[in-house]
Amino acid sequence: MAFDEENASPEQLWEHYMGKYKNPNPIARMLTNGFFSCIENSLATLADDFSVLEVGCGPGESTKRIHQLLKNQHFEASEFEQRLVDLHLQKGFPVPLSQESVYEMHRSDNEFDCVLLLEVLEHLDDVETALKEIFRVARHTVILSVPNEPLWRILNFMRGKYWSDWGNTPGHLNHWSRREFIKLVGNFGDIVSIYSPTPWTIIQVKVKP
């Protein structure tokens, strides 16, 4: 039975999104750790006085890991889903958190030195608008990640998941290969680093003046 995201309680929604982080499978944990190892390498290039914003923090696990990786830089996060924002604020969150849409952020131009958008673009129906908004808010650096296709769907097939949808994870509207994602992102800034931790593509981009 499909998960009823629209009618789920905040706690149910959080558990649903946390599934990939709580997976006890050692291979799944190794892949997730590989993803954050690449994020760490990218964050290590940021200046000590940079301000950092994570957009679309979801269940907050990525926020907590990024917070631990930063060198005391100012760090904030935002999330569109109000139920998750309320739950985070109720339980306590490690950084300032606000509710906003990636399509229309309540931020000034160039307000943050670095903006991260991790595991979000594949869910969006208007990628162009989201990227324009992210690059509007960022002054220096943008860090983006998406599933590397078709590898992502092949791995889903291999573990017996989503066969009726040809391995596509529910909610994934967009699919990019490494090459396709590089081409897309290159339209918005100058690519600094590209990481390919299985099964993702992570790109660090310098914002054009």
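The values are calculated or read from the model by the stated rules, or taken from the named source; none is laboratory data. Worth saying up front: this structure is predicted, and the values here are computed from it rather than measured. Here Cβ is always computed from backbone atoms with ideal geometry, including for glycine, and neighbour counts include all displayed protein chains.
Of all residues in the stretch 79-102, one or more are touching a residue at least 12 places away in the same chain (Cβ under 8 Å), within 21 Å of Lys206 (Cβ to Cβ) and surrounded by 14 or more Cβ atoms within 10 Å (Cβ to Cβ).
Restricting His88, His67 to those that are over 22 Å from Ser9 (Cα atoms), in a helix (DSSP H, G or I) and touching a strand residue (DSSP E or B) at 6+ places or on another chain (Cβ under 7 Å) reduces the list to His67.
For the stretch 14-49, taking the residues that are in contact with a Ser or Thr (Cβ under 9 Å, 6 or more places away or on another chain) and among the β-branched types (Val, Ile, Thr), the one that is farthest from Arg83 (Cα to Cα) is identified as Thr45. The residue list Glu76, Glu111 contains one member that is surrounded by fewer than 21 Cβ atoms within 10 Å (Cβ to Cβ), charged (D, E, K, R) and either touching a Pro at 6+ places or on another chain (Cβ under 7 Å) or without any contact (Cβ under 8 Å) to a residue 24 or more places away in the chain (or both), which is Glu76. Criterion first (part of a loop (DSSP other than H, G, I, E, B) and not basic (Lys, Arg)) does Asp49 satisfy it? Yes: the conditions hold for Asp49.
Tally up the residues in the stretch 9-32 that are among the polar types (S, T, N, Q) and either in contact with a Phe, Trp or Tyr (Cβ under 7 Å, 6 or more places away or on another chain) or surrounded by 13 or more Cβ atoms within 10 Å (Cβ to Cβ) (or both), please. Steps first, answer last, please.
Pass one, the stretch 9-32, residues among the polar types (S, T, N, Q): 9, 12, 23, 25, 32.
From what's left, either in contact with a Phe, Trp or Tyr (Cβ under 7 Å, 6 or more places away or on another chain) or surrounded by 13 or more Cβ atoms within 10 Å (Cβ to Cβ) (or both): 12, 23, 32.
Adding up the residues that qualify gives 3.
Residue count for the stretch 132-154 under the criterion of being crowded, with 20+ Cβ neighbours inside 10 Å and closer than 22 Å to Thr169 by Cα: the result is 8.
I'm trying to understand the selection: among the residues of the stretch 44-64, which are of a type outside the set (Phe, Trp, Tyr) and over 12 Å from the mean Cα position of the chain (by Cα)?
The first filter runs over the stretch 44-64 and keeps only residues of a type outside the set (Phe, Trp, Tyr), leaving 44-49, 51-64.
Within the stretch 44-64, Ala44, Thr45, Leu46, Ala47, Asp48, Asp49, Ser51, Val52, Lys64 qualify.
Check the stretch 52-73 and report whether any residue there is on the phi < 0 side of the Ramachandran plot, acidic (Asp, Glu) and at pLDDT 90 or above. Yes: one or more hits.
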